[in-house]
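One structure is given below, encoded as structure tokens.
The values are calculated or read from the model by the stated rules, or taken from the named source; none is laboratory data. The shown structure was predicted, so the numbers you read here are calculated from the model rather than taken from an experiment. Note that each Cβ is placed from the backbone with ideal geometry, even for glycine, and that neighbours are counted across all protein chains shown.
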Amino acid sequence: MQKPSIFSNKYDEQMKKRKRIKIIFIVTAVLVLLIIVSGILGNMLFGHNSAEKSKSKVQVKQSNKVNNTKINNSKKIQDSKEKDNINKEYLLKLSNGKEVKLLYNVVNNEKQYIGVMPKETKYTISPSKKSIALLENDTQKLILIDINGTSKEITKLQYVSSKGDIFKRENILKLNPNYIWCDEPKFLDDDNIVYISQLPWFNKSNTKYLWKYNISNNIHENNLPNMGEVSGKKIEYGNITSEGLEVLVDGVKNTIITKK
């Protein structure tokens, strides 16, 4: 803008106009500058907030991931425990053609027997829960099964009298199906099983005797150590104590079968 002449009669008016233009220019420049600065500051603040939000989201995701991992691990442990507690079974086919289920579960990675099906099966579980002895009702065979489901017959197959006469189980049962050769097996401890029989007599139908079978030695005996023969019309088992098995003979609890 050309500077006005001081000799002009419009000098004062032109100077005032010039000042107004300068003021407007300065104000405009200041406003533009403020807008630019505020924009920069806004971007900086927005960027900071975005970073904080992003960081917060990452932390939340990481926290959720940790929590999910803990939940998943806990679920796996729980599922494993539930899987262990599910009853499992072996299927055993007996010599009489019938089938029984040997039920077991797993506790601390160890198998333990818990029962036999059907319920009417006569059986006994060892104190360690690692073995089952069961009776075939029709044949009166005594079967021993280990914790892996392997079975073997442990029946006393024959009786030899003091005269040397041999009486075989199957022959006696054919002649007299009501004869009790073996009944009511009961684990005394992990190595001994007691059971009831009419042996050694064949003409005393009202008298029963207590027999003991030793698993390690594969020996059946009715002349028990320190006790001799235990006999009566009715023999029942009581509790297993630290001394051995209580036996009720004709309703009288006066006999303890020792574990040795």
For region 107-143, the count of residues that are in contact with a Lys or Arg (Cβ under 6 Å, 6 or more places away or on another chain) and of a type in the set (S, T, N, Q) equals 2
Could you give every pair whose Cβ atoms fall below 8 Å, whose first residue belongs to region 84-107 and is in contact (Cβ under 8 Å) with a residue 40 or more places away in the chain, and whose second residue is surrounded by fewer than 16 Cβ atoms within 10 Å (Cβ to Cβ) and small (Gly, Ala, Ser), counting only separations of at least 6 or pairs across chains? Tyr90/Gly149; Leu92/Gly149; Leu102/Gly149
Among the residues of region 177-218, how many are touching a Lys or Arg at 6+ places or on another chain (Cβ under 9 Å) and either among the charged types (D, E, K, R) or crowded, with 19+ Cβ neighbours inside 10 Å (or both)? 20
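Here is a yes/no grid of residues against (1) in the same structural domain as Asn214 (by TED's automatic domain parsing); (2) surrounded by 19 or more Cβ atoms within 10 Å (Cβ to Cβ); (3) touching a Phe, Trp or Tyr at 6+ places or on another chain (Cβ under 7 Å):
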position	(1), (2), (3)
Lys129	no, no, yes
Asp138	no, no, no
Thr150	no, no, no
Leu175	yes, no, no
Within the group Lys204, Lys208, which residue is at pLDDT 95 or above and of a type in the set (D, E, K, R)? Lys208
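Check every one of the strands (runs of 3 or more DSSP E) wholly within region 104-173 and list those with 3 or more residues that are modelled with pLDDT of 95 or more and within 23 Å of Lys186 (Cβ to Cβ).
Those strands (runs of 3 or more DSSP E) span 110-117, 122-125, 132-135, 142-145, 151-153.
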With the first residue restricted to region 161-174 and required to be among the β-branched types (Val, Ile, Thr), and the second required to be part of a loop (DSSP other than H, G, I, E, B) and surrounded by 10 or more Cβ atoms within 10 Å (Cβ to Cβ), Cβ contacts under 7 Å at 6 or more apart or on different chains are Ile172/Tyr179; Ile172/Trp181; Ile172/Phe202
